[in-house]
Amino acid sequence: MSGLTTAGRVGAVWMDGALVDPAAAHLPVLSFGLHNAACVFEGIRSFGGRPFALSAHVNRLRTSAEAIGIALPWDSTAIADAIETAVAAADFAEAYIRPVVWRGDEVIGIDPTGTTVHLAIAVLAWPKQALDDGKPLRLGLSRWTRPTPTMAPVQAKTSANYLVGSLALAEARAGGFDDALLLDHTGGIAETTGSNIFLVRRGELVTPPAHTFLNGITRQTVLRLAARSGIVTREIRLTPNDLVIADEVFVTGTAVGVRSVGWFRDTAFRADGILTRMLANAYIQLVGTEQGEESPCTASA
Ligand code: PMP
C-alpha cells in the first residue's frame, strides 16, 4: 500500500496545546525522539468530521507511550479534545489523523532524563479511492521477522517498530508485491507491514493471537463483528502453510479497512470471498454509521 502524500493535504496541526500554522509545525534537529526513536504515534480516520474509535486510539497512544517510558502530560480527555479541535479546524469530509508523541531536544545521548515530551496532531485530507484500487493484494514473504517481546515493545505503536516494516515493504515492492507478510520469531504468521491478517477456512475466521505484533483496532472490531454474526472465530498460531490452503485471506487496518488478499507469493486465493465481502461491508457500515465509540465492536487496544 502506498503512503499518503502530504503536499497540499495537511488541513490543521495542533501542537503542544494549540492549533499552529501547519507550515510552521517543525521540530528541532536535535530532538531526542528523532535520534533515539523515543516516539509513538497513532493513525485514525474520521468520517463526516467524527474520528472513528477515538477513545480506543487515544488509549493505545497512552499505552504505547508508557511502553517506552513516556508519561503523557495530557489526560485522555484532553488528547481526545485536541484531536476533535484539529479535525474541526481542518473541516475535511474524510480525514486521516496522525497524533505523534516524541521527546524534545534538551539532551543528546541515550539517557532521556531531562527531555520534554511533545504531542502534535496533524489532520490530512483522505484521498477518495487513492489508497485502494479495489484490487486484491499480492503479498510477498519478508525476510525480516517481528522481534520477540523481549527485543522490543512489540504491541506498542512505536516509530522504532516501523523501521523493519519500511524495509520489508520496499523489498516487497521491488519484488512486484503490494505488501509483505512478516513472521514472528517462531516462524508463525505475525502481520503485514501495516495491517493484521485473517484467513477463512471451512467457514471459520482464523487469525494469529496478537502476542508479537500490534493488536489492531480494526482487527478487534472485525473479530467482534464476526462473532456478532455467528461466525466462529479462532486466534491460533498459524504458519505460511496454513495460508496456502486457506479459502479466503484478508487484511485489516485503519487505512485499508478490510481488504481482500488475492495472492501470497505464487498461491492465488479466491478474492473477495463470501466472508471477506460480508465483513468488509459490515465494517464500512460501522465506520459510516455508529462511529465506533459507543459500539460494542470497538475496545481499547
Ligand atoms: N499492524 C501494523 C504494523 C500497523 O501499522 C497497523 C496500522 N495501524 C495495524 C497492524 C492495524 O492496526 P489498526 O487496525 O489499529 O489500524
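The values are calculated or read from the model by the stated rules, or taken from the named source; none is laboratory data. Because the structure is predicted, anything quoted here is derived from the model rather than measured. Glycine also receives a Cβ, built like all others from the backbone with ideal geometry; neighbour counts cover every protein chain displayed. Areas reflect the complete protein model, heavy atoms only, side chains present, ligands, DNA and RNA absent. Shrake-Rupley method; radii C 1.70, N 1.55, O 1.52, S 1.80 Å.
Using a 1.4 angstrom probe on heavy atoms only, work out the carbon and sulfur share of the accessible area of the chain in %.
Values: 7450 of 13520 Å².
For the chain, the apolar C and S fraction of the accessible surface comes to 55 percent.
Taking the Cα centre of the chain as the origin, how large is its charge dipole in debye, to the nearest 20, when only Lys and Arg (+1) and Asp and Glu (-1) carry charge on their Cβ atoms? Show your work: numbers first, answer last.
Values: 25 positive and 29 negative charges, 179 e Å.
Dipole size: approximately 860 debye.
D for the stretch 1-63, whole µm²/s, Stokes-Einstein with Kirkwood Rh over alpha-carbon pairs at 25 °C and 0.890 mPa s: what number? The partial results should precede the final answer.
Values: Rh = 14.3 Å.
Once the numbers are plugged in, D ends up at 172 µm²/s.
Against the longest principal axis of the chain, how steep is helix 274-289, in degrees 0 to 90 to the nearest 10, with axes from Cα atoms?
30 degrees
Pop the C-beta distance of Thr77 and Leu27 into the FRET formula with R0 = 30 Å and round what comes out to the nearest 0.05.
Values: r = 25 Å, r/R0 = 0.84.
Calculated value: 0.75.
Kindly provide the pair-distance distribution of the chain built from C-alpha pairs, with 10 Å bins from 0 and whole-percent values in order of increasing distance.
6, 27, 35, 24, 7, 1
GNM, the chain, Cα, under 10 Å: largest mean-square fluctuation among Val251, Val222, Val107?
In this elastic network of the chain, the residue with the biggest mean-square fluctuation among Val251, Val222, Val107 is Val107.
Taking the Cβ of Ser64 as the center, what net charge do the other residues with Cβ under 14 Å away carry, scoring Lys and Arg +1 and Asp and Glu -1? Before the final figure, lay out the partial values.
Details: positive: Arg60, Arg62, Arg98, Arg103, Lys157; negative: Glu42, Glu66.
Overall, the nearby charge balance is +3.
Using only Cα atoms, locate the centre of the stretch 198-235 and the centre of the stretch 4-35, then give the distance between them in Å, rounded to an integer.
Distance between centres, Cα-based: 35 Å.
Tell me the angle of helix 217-228 to the major Cα principal axis of the chain, expressed in degrees between 0 and 90 and rounded to the nearest ten.
It works out to around 40 degrees.
In a solvent-free Debye calculation with one equal scatterer on each Cα, what is log10 I(q)/I(0) for the stretch 1-120 at q = 0.10 Å⁻¹, listed in the order of the q values?
Rounded to two decimals, the profile gives -0.31.
Just grab the label-to-label distance for Arg228 and Ala174, each label 7 Å out from Cα along the Cβ direction, in nm (one decimal).
If labels sit at Arg228 and Ala174, their model points lie 4.3 nm apart.
Treating the angle as unsigned and between 0 and 90°, give the value, to the nearest 10°, between the Cα long axis of helix 76-90 and the longest Cα principal axis of the chain.
With rounding to tens, the tilt is 90 degrees.
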